[in-house]
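The values are calculated or read from the model by the stated rules, or taken from the named source; none is laboratory data. Remember, it's a predicted structure, so these values are computed and weren't measured experimentally. Backbone-built Cβ (ideal geometry, glycine too); neighbour counts: all protein chains shown.
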Amino acid sequence: MVSELHLNFKAFDEIIERHGLEKIKTIGDAYMAVSGLPVPNPQHALMAARAAQEIQAFVRQRKKGMTHPFEIRIGMHSGPVVAGIVGVKNSPTISGATP
């Protein structure tokens, strides 16, 4: 399972880099990235959507022939955020407004 996560996350890293996104962190099987940070970009939502579509296509292709394939859910939020380093280790965090 760890090797499969590594393979997927490595591909996700390449995809988000191609689309100009920034990886924030992974927690277990969760992968968090942002678009439009640290430099604002008016095309941030489009870039994130295109990266999400490419990630979905990668996972769909990877699932072919697997007996126990991973399922994937992608969520997107657009709006102002607050970002910074929390704690004593260099682990960035990001928070957005929630309704």
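Restricting Met66, Met76, Met1, Met32 to residues that are aliphatic (A, V, I, L, M) and touching a Ser or Thr at 6+ places or on another chain (Cβ under 8 Å) narrows the list to Met32. Restricting to segment 32-63, name every residue that is over 12 Å from Met76 (Cα atoms) and under 11 Å from the mean Cα position of the chain (by Cα). Answer for segment 32-63, where residues must be over 12 Å from Met76 (Cα atoms) and under 11 Å from the mean Cα position of the chain (by Cα): just Ile55. All conditions but one from (1) at pLDDT below 90; (2) within 15 Å of Gly75 (Cα to Cα); (3) touching a His at 6+ places or on another chain (Cβ under 9 Å) apply to Thr26; the one that does not is (3). Within segment 35-45, is even one residue modelled with pLDDT of 90 or more, buried (at least 16 other Cβ atoms within 10 Å of the Cβ) and among the aliphatic types (A, V, I, L, M)? For segment 35-45, residues modelled with pLDDT of 90 or more, buried (at least 16 other Cβ atoms within 10 Å of the Cβ) and among the aliphatic types (A, V, I, L, M): absent.
With Gly65, Gly28, Gly20 as the choices, which residue is at positive phi, of a type outside the set (S, T, N, Q), surrounded by 12 or more Cβ atoms within 10 Å (Cβ to Cβ) and free of Cβ contacts under 8 Å to residues at least 60 places away in the same chain? Walk me through it before giving the result.
Numbers: Gly65 fails: surrounded by 12 or more Cβ atoms within 10 Å (Cβ to Cβ); Gly28 fails: surrounded by 12 or more Cβ atoms within 10 Å (Cβ to Cβ).
After ruling out the rest, the residue left standing is Gly20.
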